[in-house]
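Following: one structure in structure tokens, then a few remarks.
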Amino acid sequence: MRIIRLIIAFFCFQSGSTFAASVEEQINTYINSVEIPRLSEIYTDAIINITTNNLAALNYLPDCEHEIIRIINQRPDATKRTNYEISCDSPTWKSYIPITQSIMIPAIKTINPINRGQVISRSNTDVGEVDLSTLRGQVFTQKNPPYGLIASRNLRINTFITESLTNQPTLVKKGDLVLITASSESITVRMNGVALENGAKGQQIRVQNTSSERIIYAKVVSNSEVLVNY
């Protein structure tokens, strides 16, 4: 388990206000006791940095009679920027603190160029840390590696691999002999067939029954078997 780090940067903060310091402490407590645990539960093994901005605006807020303020993260699903809504019941007021988050996770990246159609493996990849907000799509990790998948495009060195950059490998090729399994709730029938096109796992392809010569669509389940559901 990586050590979760909390870095809070204070921009233009004026320490002369007792109330501002009190609100600042409550925001820090909220970050440490609510946001850091929440994010680290979602993104395990992550290095999480949270930066609060524009704290100088707290100096212009009226004192809260009950001293305890209400804090709400307006965008809990955000991976980069959000706002904390802070409010007081007596006197009634509401303000907003801009927040910048950095969620660094260990993910699989290329260490050599990988050409389109090339197999992704341990030998051409490694683990590096990447800011989640810079990625598009689901990233691969050590717990969910992309080994055995095919690059869907040319990948440069130090490219973090996401699902959109991969394809399933071809398991069945056109002309391969396959076992056709046809099943329903009460019966399962198996017969020999010939693949009429290439197919990856889970893909529907045309297959010809070698006995009846009937052409059907079946789902690829392995390099030697296709499935038809009735």
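All of the numbers you see were taken from the coordinates with simple rules; none came from a lab. Nothing here was measured: the structure is a model prediction, and the numbers come from that model. Here Cβ is always computed from backbone atoms with ideal geometry, including for glycine, and neighbour counts include all displayed protein chains.
Data overview
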{"quantity": "Residue (of 73, 182, 216) at the positive-pole extreme of the chain, dipole from beta-carbon charges", "calculated": "216"}
{"quantity": "Percentage relative contact order, the stretch 69-108, counting C-alpha pairs under 8 Å, at least six apart", "calculated": "35 percent"}
{"quantity": "Extension gain (nm, one decimal) between residue 45 and residue 147, 0.36 nm per residue minus Cα-Cα", "calculated": "34.6 nm"}
{"quantity": "Extreme residue, positive dipole direction of the stretch 106-167, given options 151, 125, 135 (C-beta unit charges)", "calculated": "151"}
{"quantity": "DSSP bridge orientation in the chain - percent antiparallel, rounded to nearest 5", "calculated": "90 percent"}
{"quantity": "Candidates per chymotrypsin sites (Phe, Trp or Tyr not before Pro) in the stretch 95-162, loop by DSSP, up to 14 other Cβ within 10 Å", "calculated": "147"}
{"quantity": "For the chain, built as a Gaussian network whose Cα springs stay under 10 Å, the top-fluctuating residue of 198, 112, 167", "calculated": "198"}
{"quantity": "Vicinal HN-Hα couplings computed from phi for the stretch 168-182 (Karplus, 6.51 cos²θ - 1.76 cosθ + 1.60; Hz; Gly/Pro x)", "calculated": "6, x, 6, 8, 10, 10, 3, x, 5, 7, 10, 9, 8, 10, 10"}
{"quantity": "Full-extension gain in nm, residue 127 to residue 196, via 0.36 nm per residue minus C-alpha separation", "calculated": "20.9 nm"}
{"quantity": "Separation of the residue 170 and residue 74 label points, Cα + 7 Å toward Cβ, nm", "calculated": "5.2 nm"}
{"quantity": "Percent RCO, i.e. relative contact order, over the chain, from Cα pairs under 8 Å lying at least 6 residues apart", "calculated": "12 percent"}
{"quantity": "Packing-based ranking, highest mean first, of 47-57, 182-192 given that Cβ atoms within 10 Å are counted", "calculated": "47-57, 182-192"}
{"quantity": "Greater than 29 Å apart at Cα, pairs in 143/219; 80/143; 80/219; 109/201", "calculated": "80/219"}
